[in-house]
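Written below as structure tokens is the structure these notes are about.
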Amino acid sequence: KPRNVPTWKAFVLVLIPGCAAHLGGALLYQGVIEQRLSFDGVGKAYFGALAFQMLCFWGLARLLLSKADLARAWDRFAIASAFAYAVMRFGCFASGCCYGKLCSYPWAVIFKDEHSLTPWLGLPLHPVQLYGVAHGLFVGAILWVLSKRIRALGADGALIWFFLALLGAGRWITEAYC
């Protein structure tokens, strides 16, 4: 947490945007992908979740933090979001959603559980969910290392832009090729 921020404020800045992310993901998934707004389906859309989470965090951070703490809070948000993305993608792997294209590589995965969300049961697929786990951990580690250098340069707040660029690039690669 940024310096001089009470624990309750840090907790609020994590909990409420996290709930907003869940809502945003559900709304985008149900409203855009499935063309309806009921909540009886499963799955989430990550970019809807990220957009709602960022909007909520932005509003709460402006309300709860001083201007001096805002930029560092965004840096912490970026690092936490990268690691949260890795956890979320592991959940995708466990449920069999967000599956990849057919794959002949030795690391291909085969979903056999009929409750899996993939329609490709029994066929080898790219484990894009696990690529996402590795991507999230990699981005989080890069941001963690960069955070010390950014702070030394006095460029607090720059990590959120690195996060968005690295996340977008990685998602583009996996969506296009896997």
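The values are calculated or read from the model by the stated rules, or taken from the named source; none is laboratory data. Computed from a predicted structure; not experimentally measured. So basically every Cβ, Gly included, is an ideal-geometry build from the backbone, and we count neighbours across all protein chains shown. For the accessible areas, the whole protein counts, side chains as well, though only heavy atoms, and no ligand, DNA or RNA atoms are used. Shrake-Rupley method; radii C 1.70, N 1.55, O 1.52, S 1.80 Å.
May I ask you to list the residues in the stretch 130-140 that are open to solvent by 50 Å² or more (accessible area, probe 1.4 Å) and in contact with a Ser or Thr (Cβ under 8 Å, 6 or more places away or on another chain)?
Selection gives Tyr131 alone.
Which of the residues belonging to the stretch 105-115 are open to solvent by 80 Å² or more (accessible area, probe 1.4 Å) and part of a loop (DSSP other than H, G, I, E, B)? I'd like the intermediate steps shown before the answer.
Going through the stretch 105-115, the residues open to solvent by 80 Å² or more (accessible area, probe 1.4 Å) turn out to be 105-107, 110, 112-115.
Once the filter is applied, which keeps residues that are open to solvent by 80 Å² or more (accessible area, probe 1.4 Å) and part of a loop (DSSP other than H, G, I, E, B), the stretch 105-115 yields Tyr105, Pro106, Trp107, Lys112, Asp113, Glu114, His115.
If I ask for residues that are without any contact (Cβ under 8 Å) to a residue 40 or more places away in the chain, assigned to a helix (DSSP H, G or I) and aliphatic (A, V, I, L, M), which ones from the stretch 153-163 would you list? Break it down stepwise before answering.
The initial filter retains those residues of the stretch 153-163 that are without any contact (Cβ under 8 Å) to a residue 40 or more places away in the chain, namely 153-155, 161.
Now restrict to residues that are assigned to a helix (DSSP H, G or I): 153, 161.
Within the stretch 153-163, Leu153 is the sole residue that qualifies.
Does the stretch 65-99 hold any residues that are open to solvent by less than 20 Å² (accessible area, probe 1.4 Å), of a type in the set (Gly, Ala, Ser) and more than 27 Å from Ala152 (Cα to Cα), and which are they?
Answer for the stretch 65-99, where residues must be open to solvent by less than 20 Å² (accessible area, probe 1.4 Å), of a type in the set (Gly, Ala, Ser) and more than 27 Å from Ala152 (Cα to Cα): Ala86, Gly96.
Since Pro127 meets every condition but one in (1) farther than 20 Å from Pro17 by Cβ; (2) within 21 Å of the chain's Cα centre (by Cα); (3) open to solvent by 20 Å² or more (accessible area, probe 1.4 Å), which condition does it not meet?
With respect to (1) farther than 20 Å from Pro17 by Cβ; (2) within 21 Å of the chain's Cα centre (by Cα); (3) open to solvent by 20 Å² or more (accessible area, probe 1.4 Å), Pro127 is out only on (3).
Within the group Leu102, Leu159, Leu143, Leu167, which residue is open to solvent by less than 30 Å² (accessible area, probe 1.4 Å) and in contact with a His (Cβ under 9 Å, 6 or more places away or on another chain)?
Numbers: Leu102 fails: open to solvent by less than 30 Å² (accessible area, probe 1.4 Å); Leu159 fails: in contact with a His (Cβ under 9 Å, 6 or more places away or on another chain); Leu143 fails: in contact with a His (Cβ under 9 Å, 6 or more places away or on another chain).
Testing whether each residue is open to solvent by less than 30 Å² (accessible area, probe 1.4 Å) and in contact with a His (Cβ under 9 Å, 6 or more places away or on another chain) leaves just Leu167.
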